[in-house]
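Participant: Quick one: the structure is below, and I'll ask about it shortly.
The values are calculated or read from the model by the stated rules, or taken from the named source; none is laboratory data. Computed from a predicted structure; not experimentally measured. Neighbour counts are summed over all protein chains in view; Cβ atoms, including those assigned to glycine, are modelled from backbone coordinates with ideal geometry. Accessible surface is based on the protein model in full, side chains and every heavy atom, while ligands, DNA and RNA are left aside. Shrake-Rupley method; radii C 1.70, N 1.55, O 1.52, S 1.80 Å.
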Amino acid sequence: MQAEFALDYDVLTVERSQKVYLMARLISGPAPEHRQRRPLNLSLVIDRSGSMAGDKIAYTRQAAQFLVQNLSSKDLLSVVAYHGEVEVLFAPEPVVNKDAIGQRIAAITTGSMTNLSGGWLEGCNLVAQNLDQDHMNRVILMTDGLANRGITSRRQLVALAQQKYEGGVSTTTMGLGEDFNEDLLVALADAGGGAFYFIESPEVAPLIFDEELRGLLSVVGQNLTVTINPTEHVTQVRQLNAYPEQVVARQMSFRLGDVFGDEVKALVLELTIPALNTLGEHHVAMLRFEYDEITEHGTQHQIHEMPVMVNIAPPGELPEPNRDVQQSVLLLQAANARRTAIDAADKGQYQEASAVLRAAADAIDHTGLDDAQLTEEREALQKQADDMERGAERYDDYSRKTMYTQAIYTMTDRHEGTQMLRTRELGREFRAQVAQKPGVTPAVLAWNTQDFPLDGDLIRIGRARQNEITIEATSISRFHAQLTRDGDRLLLEDLGSTNGTLLNGERLLAPQPVSVGDVAQLGYEHVVFKEA
């Protein structure tokens, strides 16, 4: 793994106070195929309260069974179901008899209240029974409601999550639907060293479980902490991300958690540097990366330290900013704007919320950067600003969760998750628009901010230039999928891709017709089928 940092500007003007953005990055290689992955010690904790009835519990069972099928005999799994009471469906055992586990999961039915704390703590206890530093020790907590039995205090639950994490058991939280408390679940995952996911509709549950499992199966490093020790040349340090931080005197440490294969883990800090009167290089901070790298023989503790220097120059034209740092700063400023807008909207201050979002969109526009991600971000901010202006008519529990999740995903290095969430939302809007016109054959395929016309009888999609539609994304195979015309229909078919193809959340095993509003997942990328 490679540790590095970059500044947006490393040349500053003499006798002028300035803000500098520092991006600290740890770049990992792929998870080695020749080395056996780290086994899991996993407890799956499932809400089966009355509000989970219908599609919610059905898709949750499907997602849990998918997870089981992708574990191995070296993994330990326990399953807890809770409503008013807590029941251990499956005590920790190696995943050998998958059919038996699947049958127990298939028999889960709904009950009454939501004893979230009881179910989650039971999962923690089951993982702790087999705690092993050579395993990934994690609880996955899924809920669709509010904690109304057992411990309900957010402060107490977050303190317990921190305690469990310090004891070696991490927690990932998943909120399903509109009624759960996103502030609580984000805080639990934050303190518990795991991730938070928003399952906006039941059919998305298998995709979210798949995403979490892919991460767990490709961990190459753990306990990544980035520490900055500023010199007297820095008066203030502020992170733009949302990582847990600890301050001791002037030293600040940020806990970035697990590192996955082929991941760039980044932290962006804003440094306030007062007017410096001496030309030349100045040492402004010491940066330290600390993590446990997973090797064939266990773990190896790694520490990388590097000085942060700036050059003070006479007044003149500043050099061009570092493009990567500038892009990251703008995306994170957009995420922070969403959190600020939510705070205002929660108080009924919708015009103020709209102004904050529009200012973030204008900041992107004023840079003039030709970047697809930033263009998509600006358009999303403008749409959310328009919605905010309509007040309570458009700001409800669902829109709050959607905006809040987009902010959290981006601020914890998961901006792809933000884009996927928005793409799925766009697909739902299209399907709602064509609800009275089922089976309408699409004329356009949309990916990020690009529209591709669906012309011809054979339309191949992949990373290679020879395709009719080229999508340059690492999770997409060179020749990933194809569309073939069958009379008035278009059929989507996977071409044996490495990461597979899903259509509206279902894995594509045979050619299937596509309609306007359908959403396909190619690898980790989402595309939407549209009218002309």
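Participant: Going by the conditions given, is residue 77 open to solvent by less than 10 Å² (accessible area, probe 1.4 Å), out of contact with any Asp or Glu (no Cβ under 6 Å at 6 or more places or on another chain) and in contact (Cβ under 8 Å) with a residue 12 or more places away in the chain?
Facilitator: Yes: the conditions hold for residue 77.
Participant: For residues in the range 484-497 being outside any strand (DSSP E or B) and over 30 Å from the mean Cα position of the chain (by Cα), which is surrounded by the most Cβ atoms within 10 Å (Cβ to Cβ)?
Facilitator: 488
Participant: Can you name the residue in the range 4-24 that is small (Gly, Ala, Ser) and open to solvent by 20 Å² or more (accessible area, probe 1.4 Å) and is also modelled with the highest pLDDT among such residues?
Facilitator: Only one residue fits best here, namely 6.
Participant: Looking at (1) modelled with pLDDT of 90 or more; (2) in contact with a Lys or Arg (Cβ under 9 Å, 6 or more places away or on another chain); (3) crowded, with 19+ Cβ neighbours inside 10 Å; (4) aliphatic (A, V, I, L, M), which is the only condition residue 27 fails?
Facilitator: (3)
Participant: With farther than 22 Å from residue 167 by Cα and surrounded by fewer than 23 Cβ atoms within 10 Å (Cβ to Cβ) as the only criterion, which of 212, 203 stands out?
Facilitator: Among 212, 203, only 203 is farther than 22 Å from residue 167 by Cα and surrounded by fewer than 23 Cβ atoms within 10 Å (Cβ to Cβ).
Participant: Same structure, new question: State all residues of the range 282-340 that are in a strand (DSSP E or B), β-branched (Val, Ile, Thr) and either out of contact with any Ser or Thr (no Cβ under 7 Å at 6 or more places or on another chain) or more than 18 Å from residue 269 (Cα to Cα) (or both); if no residue qualifies, say none.
Facilitator: 294, 295, 299, 303, 308, 310, 312
Participant: What do you reckon, is residue 394 over 18 Å from the mean Cα position of the chain (by Cα), modelled with pLDDT of 95 or more and either among the aliphatic types (A, V, I, L, M) or surrounded by fewer than 22 Cβ atoms within 10 Å (Cβ to Cβ) (or both)?
Facilitator: In short, no.
Participant: Same structure, new question: Here is a list of conditions, (1) over 25 Å from residue 67 (Cα atoms); (2) open to solvent by 20 Å² or more (accessible area, probe 1.4 Å), and residue 260 meets all of them except one; can you say which number that is?
Facilitator: Checking residue 260 against (1) over 25 Å from residue 67 (Cα atoms); (2) open to solvent by 20 Å² or more (accessible area, probe 1.4 Å), the one that fails is (1).
Participant: Find the residue count for the range 56-113, including only residues that are part of a helix (DSSP H, G or I) and among the hydrophobic types (A, V, I, L, M, F, W, C).
Facilitator: Counting residues in the range 56-113 that are part of a helix (DSSP H, G or I) and among the hydrophobic types (A, V, I, L, M, F, W, C) gives 11.
Participant: Moving to a separate point now. Looking at (1) closer than 30 Å to residue 114 by Cα; (2) assigned to a loop (DSSP other than H, G, I, E, B), which is the only condition residue 37 fails?
Facilitator: (1)
Participant: Across the range 277-295, which residue is farthest from residue 315 (Cα to Cα) among those that are open to solvent by 20 Å² or more (accessible area, probe 1.4 Å) and hydrophobic (A, V, I, L, M, F, W, C)?
Facilitator: Taking the candidates together, the pick is 286.
Participant: If you scan the range 393-421, which residues turn out to be in a helix (DSSP H, G or I), farther than 15 Å from residue 199 by Cβ and not hydroxyl-bearing (Ser, Thr, Tyr)?
Facilitator: Of everything in the range 393-421, those that are in a helix (DSSP H, G or I), farther than 15 Å from residue 199 by Cβ and not hydroxyl-bearing (Ser, Thr, Tyr) turn out to be 393, 400, 403, 407, 411, 415, 416, 419.
Participant: Still on this model: Inspect the range 136-144 for any residue being among the basic types (Lys, Arg) and under 23 Å from residue 506 (Cβ atoms) and give the result as yes or no. Don't jump to the end; show me each part of the working.
Facilitator: Looking only at the range 136-144, we keep the residues that are among the basic types (Lys, Arg), and these are 138.
Still in the running and under 23 Å from residue 506 (Cβ atoms): none.
No, because not a single residue in the range 136-144 is among the basic types (Lys, Arg) and under 23 Å from residue 506 (Cβ atoms).
Participant: Here are 367, 375, 405: which of them is touching a residue at least 40 places away in the same chain (Cβ under 8 Å) and in contact with a strand residue (DSSP E or B) (Cβ under 6 Å, 6 or more places away or on another chain)? Reasoning before the result, please.
Facilitator: Numbers: 367 fails: in contact with a strand residue (DSSP E or B) (Cβ under 6 Å, 6 or more places away or on another chain); 375 fails: in contact with a strand residue (DSSP E or B) (Cβ under 6 Å, 6 or more places away or on another chain).
Answer to the selection: 405.
Participant: How many residues does the range 114-132 hold that are of a type in the set (Val, Ile, Thr) and outside any loop (DSSP other than H, G, I, E, B)?
Facilitator: Just the residues of the range 114-132 that are of a type in the set (Val, Ile, Thr), to begin with: 114, 127.
Filter once more, keeping what is outside any loop (DSSP other than H, G, I, E, B): 127.
Qualifying residue count, the range 114-132: 1.
Participant: A further question follows. Can you name the residue in the range 92-123 that is among the hydrophobic types (A, V, I, L, M, F, W, C) and open to solvent by 50 Å² or more (accessible area, probe 1.4 Å) and, of all such residues, is modelled with the lowest pLDDT?
Facilitator: 113
Participant: Here is a follow-up. I'd like the full set of residues that are open to solvent by 20 Å² or more (accessible area, probe 1.4 Å) and either closer than 19 Å to residue 194 by Cβ or outside any strand (DSSP E or B) (or both), limited to the range 263-275.
Facilitator: Passing the criteria: 263, 274, 275.
Participant: When you scan the range 56-65, do you find a residue that is closer than 30 Å to residue 301 by Cα and either open to solvent by less than 20 Å² (accessible area, probe 1.4 Å) or not β-branched (Val, Ile, Thr) (or both), even just one?
Facilitator: no
Participant: Please specify each residue of the range 444-483 satisfying the condition of being part of a loop (DSSP other than H, G, I, E, B), under 24 Å from residue 374 (Cβ atoms) and not hydroxyl-bearing (Ser, Thr, Tyr).
Facilitator: Residues satisfying the conditions are 448, 463, 471, 472, 473, 476.
Participant: Hey, another quick one. Can you give me the number of residues within the range 215-262 that are outside any strand (DSSP E or B), farther than 22 Å from residue 475 by Cβ and polar (S, T, N, Q)?
Facilitator: 3
Participant: Considering only residues of the range 40-52 that are at pLDDT below 85 and farther than 16 Å from residue 200 by Cα, which is most open to solvent (accessible area, probe 1.4 Å)?
Facilitator: Per the criteria, the residue is 50.
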